[in-house]
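A.B. asks: Sharing a structure, written as structure tokens. Questions coming.
The values are calculated or read from the model by the stated rules, or taken from the named source; none is laboratory data. Quantities reported herein were computed from a predicted structural model and do not represent experimental measurements. Positions of Cβ are backbone-derived with ideal geometry, glycine not excepted, and every protein chain shown enters the neighbour counts. Surface accessibility is based on the protein's heavy atoms, side chains included, excluding ligands, DNA and RNA. Shrake-Rupley method; radii C 1.70, N 1.55, O 1.52, S 1.80 Å.
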Amino acid sequence: MTLEAAQAAARQGRLYPAVILHGGDLPARRAAALDLGRILLCEAAERERPCGACRHCKRIGWPAAEPGQAAAGAPFHPDFLVLQRDLKTATSVEATREMLKTAQVSPFEARGQVFVVASAESLGGEAANALLKNLEEPYTTAPRNFLLLAPSRLDLLPTLRSRSLAIFLGPAAALDTAAVGTVAGAFAAALAAYVSSGACVYLLAAAEALAGAGGWEDPRSCRPWELASAAVLQAVERADPPGPPGPPAPSASRRPCLALAEALLTGPSMRLRGIAPERILEGLVARHLASARLC
């Protein structure tokens with residue numbers, strides 16, 4: 001089902017109780033959840049939902065603060081709840097159960113309730129089972145909808161997928177090709193110097209070049225890791241002309257570079273453990289490229 005079809009079903013009160021919003025980027029998933037939430041709770045006539053002017057539409061918004069922090073002035077609706085990841089690597093079962101307590105009572109103000117799981121891919125087995133129980137026992141007095149947000153529906157447990165309607169929001173936005181090229185050029189130059197001289201200082205330079213991807217402020221963002229990985233792959237391609245302008249990566253380093261590009265995509269999980277991105281990059285570069293001169 002497309003997002004437009006889901007919105008139409010929501011206006012008619014026929015939307016499936018559990019919906020997985022996957023694909024796209026994080027802002028796109030959040031925007032889709034907010035739009036569906038407003039449609040489901042809007043008090044305007046069916047064709048006019050969401051009207052954007054009623055008391056429900058105006059109060060539905062994404063929480064402005066991180067879990068546990070004050071959210072002065074942030075939008076709040078008692079029947080639209082967002083469960084955000086409260087641990088670095090997972091959404092805890094305690095937070096999940098606390099949200100689900102509200103799902104056991106009647107709506108406070110609106111005709112129904114909407115529960116958004118912002119990082120459904122981070123639900124552990126116990127938390128997912130707690131949620132699953134609510135999906136299997138639908139509330140009959142008033143409409144109750146769960147919106148599960150994830151990069152891919154395959155990131156969710158099979159039991160959740162089997163009881164949910166999946167809506168694909170499209171591929172994530174393409175990487176900035178100019179930024180990838182800049183990082184690739186700096187990385188290839190540092191790697192060439194290392195292969196030529198064997199001086200480990202150039203491994204640090206290679207890690208520093210990857211750090212030039214930028215965007216490391218948000219520890220949950222996968223974007224800088226994807227850009228760094230794409231830059232490594234582009235540097236490898238430069239070893240075989242024709243290719244983009246810039247210093248080519250030595251062909252001897254092809255296999256270690258490919259392994260590094262793959263390993264960089266696992267960076268977000270280490271970042272969420274509180275490790276600085278610079279240290280992660282240095283560790284991955286050293287692990288995979290220290291042997292490049294021997295290949």
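A.B. asks: Could you look through region 281-295, keep only residues that are open to solvent by 10 Å² or more (accessible area, probe 1.4 Å) and assigned to a helix (DSSP H, G or I), and pick out the one that is modelled with the lowest pLDDT?
C.D. replies: Restricting to residues being open to solvent by 10 Å² or more (accessible area, probe 1.4 Å) and assigned to a helix (DSSP H, G or I), the top hit is L294.
A.B. asks: Let me ask something else. Just to be sure I understand the filter: pairs with C-beta atoms under 6 Å, separated by 6 or more residues or on different chains, first member in region 268-286 and without any contact (Cβ under 8 Å) to a residue 12 or more places away in the chain, second member of a type outside the set (D, E, K, R). Which pairs pass?
C.D. replies: Between residues of region 268-286 that are without any contact (Cβ under 8 Å) to a residue 12 or more places away in the chain and residues that are of a type outside the set (D, E, K, R), the close pairs are M270/I280.
A.B. asks: Tally time: how many residues in region 131-140 are outside any helix (DSSP H, G or I) and open to solvent by 90 Å² or more (accessible area, probe 1.4 Å)?
C.D. replies: So the first thing to find is which residues in region 131-140 are outside any helix (DSSP H, G or I), and the list is 137-140.
With open to solvent by 90 Å² or more (accessible area, probe 1.4 Å) added as a condition, the list becomes 137, 140.
Selection size over region 131-140: 2.
A.B. asks: Identify all residues within region 11-23 that are in contact with a strand residue (DSSP E or B) (Cβ under 8 Å, 6 or more places away or on another chain) and of a type outside the set (S, T, Y); write none if there are none.
C.D. replies: Once the filter is applied, which keeps residues that are in contact with a strand residue (DSSP E or B) (Cβ under 8 Å, 6 or more places away or on another chain) and of a type outside the set (S, T, Y), region 11-23 yields L15, P17, A18, V19, I20, L21, H22, G23.
A.B. asks: So for region 14-21 (the condition being out of contact with any Ser or Thr (no Cβ under 9 Å at 6 or more places or on another chain) and closer than 20 Å to T140 by Cα), does at least one residue qualify?
C.D. replies: yes
Table: residues versus (1) over 28 Å from the mean Cα position of the chain (by Cα); (2) touching a residue at least 40 places away in the same chain (Cβ under 8 Å).
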{"position": "L160", "(1), (2)": "no, yes"}
{"position": "F187", "(1), (2)": "no, yes"}
{"position": "V195", "(1), (2)": "yes, yes"}
{"position": "G198", "(1), (2)": "yes, yes"}
{"position": "L204", "(1), (2)": "yes, yes"}
{"position": "G214", "(1), (2)": "no, no"}
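A.B. asks: Is it the case that region 177-185 has a residue that's open to solvent by 50 Å² or more (accessible area, probe 1.4 Å), hydroxyl-bearing (S, T, Y) and closer than 23 Å to L265 by Cβ?
C.D. replies: yes
A.B. asks: While we're on this one: Looking at region 193-214 only, could you name the residues that are open to solvent by less than 50 Å² (accessible area, probe 1.4 Å) and modelled with pLDDT of 90 or more?
C.D. replies: Those that are open to solvent by less than 50 Å² (accessible area, probe 1.4 Å) and modelled with pLDDT of 90 or more: A193, Y194, A199, L203, A205, A206, A207, A209, L210, A211, A213, G214.
A.B. asks: Residue check: is P219 touching a residue at least 12 places away in the same chain (Cβ under 8 Å), open to solvent by 70 Å² or more (accessible area, probe 1.4 Å), in a loop (DSSP other than H, G, I, E, B) and not acidic (D, E)?
C.D. replies: Against the criterion (touching a residue at least 12 places away in the same chain (Cβ under 8 Å), open to solvent by 70 Å² or more (accessible area, probe 1.4 Å), in a loop (DSSP other than H, G, I, E, B) and not acidic (D, E)), P219 does not qualify.
A.B. asks: Still on this structure, please answer the following. When you check A172 against the structure, is it buried (at least 21 other Cβ atoms within 10 Å of the Cβ), part of a loop (DSSP other than H, G, I, E, B), under 25 Å from the mean Cα position of the chain (by Cα) and at pLDDT below 95, yes or no?
C.D. replies: Values: buried (at least 21 other Cβ atoms within 10 Å of the Cβ): no; part of a loop (DSSP other than H, G, I, E, B): yes; under 25 Å from the mean Cα position of the chain (by Cα): yes; at pLDDT below 95: yes.
Considered against the rule, which asks whether it is buried (at least 21 other Cβ atoms within 10 Å of the Cβ), part of a loop (DSSP other than H, G, I, E, B), under 25 Å from the mean Cα position of the chain (by Cα) and at pLDDT below 95, A172 comes out as no.
A.B. asks: Something else now. Out of region 162-185, which residues are closer than 30 Å to Q7 by Cα and in contact (Cβ under 8 Å) with a residue 60 or more places away in the chain?
C.D. replies: Passing the criteria: R163, S164, L165, A166, I167, F168, L169, G170, P171, A172, A173.
A.B. asks: Looking at (1) open to solvent by 10 Å² or more (accessible area, probe 1.4 Å); (2) within 14 Å of the chain's Cα centre (by Cα), which is the only condition L149 fails?
C.D. replies: For L149, the failing item is (1).
A.B. asks: Quick one: what pairs do we get from region 130-144, first residue among the acidic types (D, E), second at pLDDT 85 or above and open to solvent by 60 Å² or more (accessible area, probe 1.4 Å), C-beta under 9 Å, 6+ apart or different chains?
C.D. replies: E136/R163
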